[in-house]
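**Student:** Take a look at this one; I'll ask things after.
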């Protein structure tokens with residue numbers, strides 16, 4: 001399954017309203033944004049997007065949330081993508097968001113659950129935009145490059161531990 | 001020449017509300033800053049009510065979740081002083097040593113923040 005052309009979609013999974021509103025305001029100029037307040041709602045949104053063959057380009061996933069936390073949601077999302085036959089190149093870029101006092105949970109989620117990157121809150125536009133740029137989401141790749149990437153993308157996680165604030 | 005005694009800073013309490021920090025994090029977008037303040041004004045009563053209910057019911061899990069959420073909102077807002085009190089309460093939940101004074105200090109810090117934000121709105 002490959003991702004169809006169209007506006008890039010983003011899912012913001014965040015139960016805390018200020019972070020959610022900041023992320024939404026910063027991402028809306030670039031993405032068609034949806035929001036989910038916990039991991040269960042995130043899984044429902046991802047499932048619907050996969051069934052509609054319109055997966056999210058970007059998912060911002062808070063780690064500490066009620067009901068189903070971000071780390072467990074991350075594992076489930078990757079499983080759903082694999083079951084849907086989504087190629088590695090078309091997997092959602094999943095950016096874990098976390099508070100400054102929760103680095104251990106970030107590392108666990110990052111390496112075991114195949115997150116793409118992570119951001120430490122409080123949310124800052126310049127850092128978020130830098131992260132999107134490094135993930136190649138600010139400027140869409142040329143069509144021929146995207147086509148090659150779909151054929152040859154490795155299956156390893158797109159680990160990028162450099163974005164962690166010590 | 002009259003010499004005026006200058007008090008040395010003895011109180012290193014974090015700021016009540018750091019507007020310039022929030023504005024910088026918002027990329028200098030004043031509209032976004034104001035939108036965030038509006039979201040906080042509408043969400044703050046419910047978040048505080050969750051904290052109070054968690055405490056009143058002796059429900060540590062609910063109190064932990066509510067204080068964590070409030071702490072995050074305050075940090076993202078740039079309200080470091082109240083966020084510190086929420087952090088203390090959250091940590092106490094994890095360690096099983098919550099006291100009424102922690103709730104009182106958080107409530108007082110939130111009222112202090114309300115006053116500061118009300119001044120901000122009037123400006």
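**Student:** Sticking with the crude label model, points 7 Å out along Cα→Cβ, report the distance from residue A:129 to residue A:75 in nm, one decimal please.
**Tutor:** Between residue A:129 and residue A:75, the simple spin-label model gives 3.8 nm.
**Student:** How big is D, in µm² s⁻¹, for the stretch B:63-123 by Stokes-Einstein at 10 °C and 1.306 mPa s if Rh is the Kirkwood radius over C-alpha pairs?
**Tutor:** Diffusion coefficient, whole number: 135 µm²/s.
**Student:** Still on this structure: Other chains' Cβ within 10 Å of A:19-27 residues: what's the mean?
**Tutor:** 5
**Student:** Something else about it: Suppose the chain between residue B:21 and residue B:121 were pulled fully straight at 0.36 nm per residue; how much longer would it get relative to their current alpha carbon spacing?
**Tutor:** 34.3 nm
**Student:** Between residue A:139 and residue B:42, how many nm apart are label points set 7 Å from Cα along the C-beta direction?
**Tutor:** For residue A:139 paired with residue B:42, the spin-label model returns 3.7 nm.
**Student:** Taking just the C-alpha trace of the stretch B:7-111, give me its Rg and Dmax in Å.
**Tutor:** Spelled out, the Cα radius of gyration and Dmax of the stretch B:7-111 are 14.7, 45 Å.
**Student:** Averaged across B:26-39, how many Cβ atoms of other chains sit within 10 Å of each residue's Cβ atom?
**Tutor:** 3
**Student:** Give the separation of the Cα centroids, the stretch A:120-141 to the stretch B:46-123, in Å.
**Tutor:** If you average the Cα positions of each part, the centres end up 30 Å apart.
**Student:** Continuing with the same structure: Averaged across B:78-87, how many Cβ atoms of other chains sit within 10 Å of each residue's Cβ atom?
**Tutor:** Average per residue, whole number: 1.
**Student:** Under a plain spin-label model, where a point goes 7 Å from the Cα along Cα-to-Cβ, how far apart in nm are residue A:84 and residue B:95?
**Tutor:** 4.4 nm
The numbers here are math on the coordinates, done by the rules we state, and not lab data. What you are looking at is a predicted structure, and each value in this text was computed from that prediction instead of being measured. We place every Cβ from the backbone using ideal geometry, glycine too, and count neighbours over all the protein chains shown.
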